[in-house]
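Values in this text are rule-based calculations from the coordinates and carry no lab data. These figures come from a predicted structure and were not determined experimentally. Backbone-built Cβ (ideal geometry, glycine too); neighbour counts: all protein chains shown.
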Amino acid sequence: MKMYHNPRCRKSRETLALLQEHNQEPELILYLDDTPSEVELKAVINKLGITPEQLLRKGEKIYKEEFKGKELSDAQWIKAMIKYPKLIERPIVIKGKKAVLGRPPENVLELL
């Protein structure tokens with residue numbers, strides 16, 4: 001099990017705590033420090049079963065300043081998330097071929 005984690009995010013910390021309560025210790029990927037590659041991000045989006053645009057944090061300042069109101073292709077959204085990893089919604093928990101967003105944290109129980 002892997003988890004794209006931001007320790008400063010309350011939902012990310014709650015999701016990690018919930019996994020630990022169920023005796024799970026996911027491999028933590030601190031994606032703000034270790035930005036996923038284009039291939040990795042595409043794979044995560046595919047496992048989530050969503051579009052790249054659905055993975056965006058549209059409340060982020062950088063989104064509002066640079067992207068709000070723009071129509072980008074899936075490839076362009078992926079490049080934007082790699083350039084500005086703060087745009088990536090979190091936490092993301094992956095187990096095998098499936099992934100879920102930990103919003104709310106209870107979503108991760110599907111993977112157990």
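Are there trypsin sites (Lys or Arg not before Pro) in region 1-104 that DSSP marks as loop and that have at most 12 other Cβ atoms within 10 Å, and which are they?
ARG8, LYS58, LYS68, LYS70, LYS97
Enter the Cα centre distance for the pair region 34-70 and region 71-95, rounded to the nearest angstrom.
Centre-to-centre (Cα) distance: 2 Å.
What's the local net charge at LYS70, with K and R +1, D and E -1, over the other residues with C-beta under 12 Å away?
Surrounding charge for LYS70 is -1.
Multiply the residue gap between ASN107 and CYS9 by 0.36 nm, knock off their C-alpha separation, and tell me the result in nm, one decimal place.
Length difference between fully extended and current span is 33.6 nm.
Return the single residue from GLU38, GLU66, GLU53 with maximal mean-square fluctuation; model: Gaussian network over the chain, springs between Cα atoms under 10 Å.
It is GLU66.
Given the chain, what percent of its DSSP beta bridges are antiparallel, to the nearest 5?
DSSP beta bridges in the chain are roughly 75 percent antiparallel.
To the nearest 0.05, what FRET efficiency results for GLU66 and LYS98 with a Förster distance of 41 Å applied to their C-beta separation?
Between GLU66 and LYS98 the formula returns 0.85.
Measure up LYS68/LYS97; LYS42/LYS86; LYS61/LYS97; LYS11/LYS70 against 21 Å on the Cα-Cα distance and list the ones that go over.
Check vs 21 Å cut-off fails for LYS68/LYS97; LYS61/LYS97; LYS11/LYS70.
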